[in-house]
1. Amide H of LEU104: which non-local residues (sequence gap of 5 or more, or other chain) have their own amide H closer than 5 Å, using H built in the peptide plane?
2. Do any GluC sites (Glu not before Pro) in the range 57-127 lie in a DSSP loop with no more than 13 other beta carbon atoms within 10 Å, and if so, which?
3. Give a residue-ordered list of calculated ³J(HN,Hα) values for the range 112-127 (Karplus: 6.51 cos²θ - 1.76 cosθ + 1.60, θ = phi - 60°; whole Hz; x for Gly, Pro).
4. Determine the alpha carbon to alpha carbon distance for each of LYS76/LYS114; LYS100/LYS127; LYS82/LYS114 and list only those over 26 Å.
5. Work out from phi, with θ = phi - 60° and the Karplus expression 6.51 cos²θ - 1.76 cosθ + 1.60, the ³J(HN,Hα) of each residue of the range 79-91, listed in order in whole Hz, and give x for Gly and Pro.
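Where a number appears in this text, it was derived from the coordinates with a stated rule and is not lab data. All figures in this text were calculated on a predicted structure; none of them were measured in a lab. In this analysis, Cβ positions are derived from the backbone assuming ideal geometry, glycine residues included, and neighbour counts consider all displayed protein chains.
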Amino acid sequence: MFSFFFFLMIRRPPRSTLSSSSAASDVYKRQLTNNMDFVDPVSIAVGIGVGLLLSMLISSSGKSHVNPGIDKAAPKVATMVKAQEIEGEKAVYCRCWRSKTFPLCDGSHNAYNKETGDNVGPLIVSK
C-alpha cells in the first residue's frame, strides 16, 4: 500500500507558484516545452528494426528460382555422368543454369556474373 502512494508521489510533477519556484519544477517545465527537440534513441532503433523487418518480408515474398527454364517439367533435374564417359582430360559442367548446352558449360556464367555481381563458375571434373 505504501509503495502505491510512493509511486504517485514520484510520478507527480513538481509544483511551483508564481511567488516560489523550485529548480525541479523549472526543469520539468523545460522538458515540457522542449519535448520536440529531443528524439528518443529507443524509438529510432525500434523504427529502424520494424522498417528492416518489413523490407525483408516484402523482398522475400517473391520467390526466385535458380533454374530459369531447364527441364522444368521434371520434379528434379539431376545429371549423372560416369568417369569413363568423360571425353578428353576433363569435363566442364554448368553451375549457373544459363548454359545453352546444359549440363555442359558454355561460358554463360560470365554474362550472368556481370549482370548480377555473382561469382559463379563451372564444375570442372578431370580424369
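1. The answer is CYS94.
2. GLU87, GLU89
3. 4, 5, 5, 5, 9, x, 7, 9, 5, x, x, 8, 10, 10, 10, 7
4. LYS76/LYS114; LYS82/LYS114, as the Cα separations exceed 26 Å there.
5. Karplus-based 3J(HN,Hα) across the range 79-91 equals 10, 10, 10, 7, 4, 5, 7, 6, 8, x, 7, 8, 10 Hz.
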